[in-house]
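Structure first, commentary second.
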Amino acid sequence: MKNQKIVPGIILLGFGIYFYLEQAKVSLFQEFYDWPTLLMIVGIAFLVQGYRGRDYESIFPGVILVGFGIHFHIVNRFELWPDHLGAFILIIALGFLLRYQKTGNGLFYGVLFLIIAGMLLFYDRVTRWFGLMGTDISTAWRFWPAALVIIGIYLLFFKKK
């Protein structure tokens, strides 16, 4: 049986500690007194619900919230970290893949989002590798949003389990 008290319990505990540390002006955590930390607290609650409470569907939102929270905390602190749409799609892919690990569902979506993230994150490098084909790739690149819409419509209306 799934314990439904885990998520609200961790959220209340985490928010309580967060606001106490903020009120106490503990300088050690000064960088974390921001809204991405609250995203991470909620995400951690979902991850604990997913793994400890054996509610494996909670893994996906947990990874998304923790991943986005981490992204917003470090995007301006580490030059190597990408400030790009591809980073968000990579986090979504990780959510699907970690959920797949426990449920057996979502591998296709995880790989699909991983490929999209790779295309977005490494587009400049890939076009340089192909060199002369740059004009053909740039023409195709203009139509990739339409391809995403078509795949989404297919998955929503035509794909059966």
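Rounded to the nearest 10 degrees, what's the angle between the helix 35-51 long axis and the longest principal axis of the chain, both from Cα atoms, 0 to 90?
90
Once you order the gyration tensor axes a ≥ b ≥ c over the Cα atoms, which shape class does segment 1-49 get: rounded for a/c under 1.5, otherwise prolate or oblate by comparing a/b with b/c?
prolate
Using each residue's phi in segment 90-100, evaluate 6.51 cos²θ - 1.76 cosθ + 1.60 at θ = phi - 60° and report the 3J(HN,Hα) Karplus result to the nearest Hz, with x for Gly and Pro.
5, 5, 4, 4, 4, x, 4, 5, 5, 5, 4
Starting with the fewest neighbours, write out MET40, MET119 ranked by other beta-carbon atoms found within 10 Å of each beta-carbon.
MET119, MET40
Nearest 500 deg cm²/dmol is fine: what mean residue ellipticity at 222 nm does the chain get from its DSSP H runs of n ≥ 4 alone, each adding -39,500 (n - 2.57), divided by its residue count?
-23000 deg cm²/dmol
Convert each backbone phi in segment 68-82 into a coupling constant with the Karplus relation 6.51 cos²θ - 1.76 cosθ + 1.60 (shift: θ = phi - 60°), then list the ³J(HN,Hα) values in order as whole Hz, x for Gly and Pro.
Once θ is set to phi - 60°, the couplings for segment 68-82 become 5, x, 4, 4, 5, 6, 9, 4, 9, 9, 10, 5, 6, 6, x Hz.
Give the calculated FRET efficiency between ILE115 and ARG52 to the nearest 0.05, with a Förster radius of 25 Å applied to their Cβ-Cβ distance.
The pair ILE115/ARG52 has a calculated efficiency of 0.20.
If amide H atoms are built 1.01 Å from N in the plane of the peptide, which residues on other chains or at least 5 residues away come under 5 Å of the amide H of TRP81?
Residues meeting the criterion, in which the H sits 1.01 Å from N, do not exist here.
Kindly put ILE17, ILE11, ILE59, ILE64 in sequence by how many other C-beta atoms sit within 10 Å of each C-beta, fewest to most.
Numbers: ILE17 12, ILE11 16, ILE59 24, ILE64 19.
Placing the least packed residue first, the sequence is ILE17, ILE11, ILE64, ILE59.
Order of 31-39, 19-27 by packing, highest average Cβ count within 10 Å first?
Put in order of decreasing packing, that is 31-39, 19-27.
Output the 0 to 90 degree angle, nearest 10, between the alpha-carbon long axis of helix 144-157 and the longest principal axis computed from the alpha carbons of the chain.
Orientation of helix 144-157: about 70 degrees from the principal axis.
What is the spin-label model distance, in nm, from ARG142 to GLN30 if the labels are put 7 Å beyond Cα along the C-beta direction?
Rounded to a tenth, the inter-label distance reads 5.1 nm.
I'd like the per residue volume of the convex hull spanned by the Cα atoms of the chain, given in cubic angstrom. It would help to have the intermediate numbers written out before the result.
Values: hull volume 23.2 nm³, N = 161.
Dividing the Cα hull volume of the chain by its residue count gives 144 Å³.
Given R₀ = 25 Å, FRET efficiency for ILE153-HIS84 by Cβ-Cβ distance, to 0.05?
E between ILE153 and HIS84, to the nearest 0.05, is 0.45.
We did not get these values from a lab; they are worked out from the coordinates using the rules stated. Computed from a predicted model, the values in this text were never measured in an experiment. Note: ideal-geometry Cβ built from the backbone for every residue, glycine included; neighbour counts use all protein chains shown.
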